[in-house]
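K.L.:
Please find one structure pasted underneath; my questions will follow.
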Amino acid sequence: MKLAISGTYSSGKTFTTLALSHLTGIPRSAAKTMRELLPISVPGKTLEECTAAEILMLITRRNTERAVNESHLGDTFISDGSSLHEWIYGTVRVLVGINPNDSIDLETVEKTGELVFFEEVISALGVPAKQHALANYDAFVHLPIEFPLVADGHRPVNEKFRSLADQMIQDEITKLGIPNVTIGGSIPERLEGITAHYNLPRVISIEEAIARAQADYDALDVRNEKDRELAGAH
């Protein structure tokens, strides 16, 4: 089974997929996170500071890596996110502005020439994003918004952005007709629910899977670009 785990910012996708992969023994597919892509793509910038062109570059880079990684895993993998996610994040930026933190109300977002062109490009990117999802994922598990939004410089700190993206992800999966289920709760409850719903194997205990996922997660560099710069200066 090619299972994609969906959800918006700070929904716990990465930790859940790490634990689920350990629990089931099924390989995990993931593209580099924005925290990994930013220093090699737009050094010194946070995601909030990126221009429309830089955001498009990051979307393209991440989805290219995602497709390559999935192609190496055959017919069985757990995907951290999906080809729909970056496209949807870009689409929501048309509504809330290139930097969502500048927007108070949707009505205040000025449709500049840059934003109009950005909208046209994002719309076109949706075509391959949806085609890839249909061809490469057998089913989805959607993680609802249950955890606080992490203000780490790698994602827009804006609850409006998060709720719009969450709804759009669910809507697009439904429109595509891909089997999906929403499973929330604590990490143990999620793991229990996902493995039961899709009849996935368990090769270790849930407790051990979570412990291994925590070790993996702790190894990630979650600093924002400003903190990295300060650390490098000392």
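K.L.:
Not counting ligands, DNA or RNA, and with a 1.4 Å probe, what is Lys45's accessible surface area in Å² rounded to the nearest 10?
P.N.:
About 50 Å², rounded to the nearest 10.
K.L.:
Can you send over the carbon and sulfur percentage of the accessible area for the chain, probe radius 1.4 Å, protein chains only?
P.N.:
Numbers: 5850 of 10480 Å².
Its accessible area is 56 percent carbon and sulfur atoms.
K.L.:
What number, in percent, do you get for the relative contact order of segment 11-89 if the mean sequence gap of Cα pairs under 8 Å and at least 6 apart is divided by its residue count?
P.N.:
44 percent
K.L.:
Separation between the Val127 and Lys32 pseudo-spin-labels, each 7 Å from Cα along Cα→Cβ, expressed in nm?
P.N.:
Distance between the two pseudo-spin positions: 2.8 nm.
K.L.:
If you average the sequence gap of Cα pairs under 8 Å that are 6 or more apart and divide by the length of the chain, what percent do you get for the contact order?
P.N.:
Across the chain, relative contact order equals 34 percent.
K.L.:
Here's something else I'd like to know. Among the listed pairs Lys111/Lys160; Lys13/Lys130; Lys2/Lys175; Lys45/Lys160; Lys45/Lys130; Lys32/Lys130, give every one whose C-alpha distance is greater than 25 Å.
P.N.:
Lys45/Lys130
K.L.:
Let me ask you something else. Taking only Cα atoms, what is the 0 to 90° angle, nearest 10, from helix 159-176's long axis to the longest principal axis of the chain?
P.N.:
60 degrees
K.L.:
Could you give the dipole magnitude of the chain about its Cα centre, charging the beta-carbon of Lys and Arg +1 and that of Asp and Glu -1, in debye to the nearest 20?
P.N.:
480 debye
K.L.:
Which value, in Å² and to the nearest 10, is the accessible area of Tyr198 when all protein chains are kept and the probe is 1.4 Å?
P.N.:
Looks like 40 Å² after rounding.
K.L.:
Follow-up question, since we're still on this one. From largest accessible area down, sort Ser186, Ser29; use a 1.4 Å probe on the protein chains.
P.N.:
Ser186, Ser29
K.L.:
While we're looking at this one, here's another question. In deg cm²/dmol and to the nearest 500, what is the mean residue ellipticity at 222 nm of the chain if only DSSP H runs of at least 4 residues count, each as -39500 (n - 2.57), divided by the residue total?
P.N.:
-17500 deg cm²/dmol
The values are calculated or read from the model by the stated rules, or taken from the named source; none is laboratory data. Please read these numbers as outputs of a predicted model, since none were measured by experiment. Every residue, glycine as well, gets a Cβ built from its backbone with ideal geometry; the counts of neighbours run over all protein chains shown. Note: areas computed on protein heavy atoms with side chains; ligands, DNA, RNA excluded. Shrake-Rupley method; radii C 1.70, N 1.55, O 1.52, S 1.80 Å.
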